[in-house]
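In what follows, a structure is listed as structure tokens, so that the remarks can point back to it.
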Amino acid sequence: MASLNVRAALLSISFLILALGLWEMSTQPPAATQATSEYELLMGISGQESRVPPPSAVIKVAWAELSNPFYDAGANDKGIGIQLAYSVYRVLTGYLAAMAIALPLGFLIGMSPLMYKALNPYIQVLRPISPLAWMPLALFIIQDSDASAIFVIFICSIWPMLLNTAFGVANVRSDWVNVARTHELNPFKTAITVILPAAAPTILTGMRISIGIAWLVIVAAEMLVGGTGIGYYVWNEWNNLDLSSVIFSILMIGVVGMLLDLALGKAQKLVEYKE
């Protein structure tokens, strides 16, 4: 296993070096055949500036940003660490609020066929709605961009957790529940001591899906509401025509998303069981 991991790491690094090398070579400006006119200089029509930046330029931006990630020079000039912190705060706030609703409601639906039949039509109508479609209504009702972004995270996070919890609870082996009844456990104790441990892997899968969706949505939501956050950072750098910073921020979005997924992946492994 260790040998396989080492070979996989070496192969992955080789792919990265090859991709960066090809990217660097493909984004080099062509040799100028004639002098650039004054008009072209004013309009930014010069070889390198109008091309996708090479990885060397992105690395320079990354070094500058990560050297001082928490600087604050005003409303439109904050470090990447501050922008990511705002985004992670909004994601976790909306995510935890969704978890507080989805888990108990999922247990109720999973344990009660009556509640499942009563609530399923509403779930099937609301679940396919794009989270960003709620943003105008949230802005009108809440009248606060930060709280509206958190609400959008809440609404997009709740469905995977709710459905996976209901599915996991409903599919707990009936003989385990019958043993709990034999021991005269009340429904609450049965849910906590029997159903929850058995359904935990499925519940954590839903939570893992939800955090990935929430991180995707917050970037788009912050592009709409502006102010702070990694989504706003991307949009602001695009307006500044700084493609190196745009690419750097895209990579940071991927890294943070990977870390959030890894954290829930580790939690999921803790609750796995073998029959």
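The values are calculated or read from the model by the stated rules, or taken from the named source; none is laboratory data. Predicted model, so just to flag it, every value in this text is computed and none were measured. Note: ideal-geometry Cβ built from the backbone for every residue, glycine included; neighbour counts use all protein chains shown. In case anyone asks, the SASA skips ligands and DNA or RNA and just uses the protein heavy atoms, side chains included. Shrake-Rupley method; radii C 1.70, N 1.55, O 1.52, S 1.80 Å.
Looking across region 129-149 at every residue that is free of Cβ contacts under 8 Å to residues at least 24 places away in the same chain and either hydroxyl-bearing (Ser, Thr, Tyr) or touching a helix residue (DSSP H, G or I) at 6+ places or on another chain (Cβ under 7 Å) (or both), the one that is surrounded by the fewest Cβ atoms within 10 Å (Cβ to Cβ) is identified as Ser130.
The requirement of being open to solvent by less than 50 Å² (accessible area, probe 1.4 Å), hydroxyl-bearing (Ser, Thr, Tyr) and modelled with pLDDT under 85 is not satisfied by Ser50. A count restricted to region 206-242 and to residues that are surrounded by 19 or more Cβ atoms within 10 Å (Cβ to Cβ), over 20 Å from Leu139 (Cβ atoms) and of a type in the set (S, T, N, Q) stands at 1. Tell me, yes or no, whether region 157-169 has at least one residue that is in contact with a Cys (Cβ under 8 Å, 6 or more places away or on another chain), open to solvent by less than 70 Å² (accessible area, probe 1.4 Å) and either part of a helix (DSSP H, G or I) or free of Cβ contacts under 8 Å to residues at least 24 places away in the same chain (or both). Scanning region 157-169 turns up no residue that is in contact with a Cys (Cβ under 8 Å, 6 or more places away or on another chain), open to solvent by less than 70 Å² (accessible area, probe 1.4 Å) and either part of a helix (DSSP H, G or I) or free of Cβ contacts under 8 Å to residues at least 24 places away in the same chain (or both).
Taking region 86-121 as the search range and keeping residues that are within 23 Å of Ala149 (Cα to Cα) and without any contact (Cβ under 8 Å) to a residue 12 or more places away in the chain, which one is most open to solvent (accessible area, probe 1.4 Å)? Per the criteria, the residue is Tyr89.
What residue, of Gly94, Gly74, Gly21, is at pLDDT 90 or above and either touching an Asp or Glu at 6+ places or on another chain (Cβ under 6 Å) or among the small types (Gly, Ala, Ser) (or both)? Only one candidate passes the filter, namely Gly94.
Listed by first and then second residue, the pairs linking a residue in region 1-22 that is closer than 29 Å to Pro54 by Cα and of a type in the set (Val, Ile, Thr) to a residue that is in a helix (DSSP H, G or I) and open to solvent by less than 90 Å² (accessible area, probe 1.4 Å), with Cβ atoms under 8 Å apart and 6 or more places separating them unless they lie on different chains, form an empty list.
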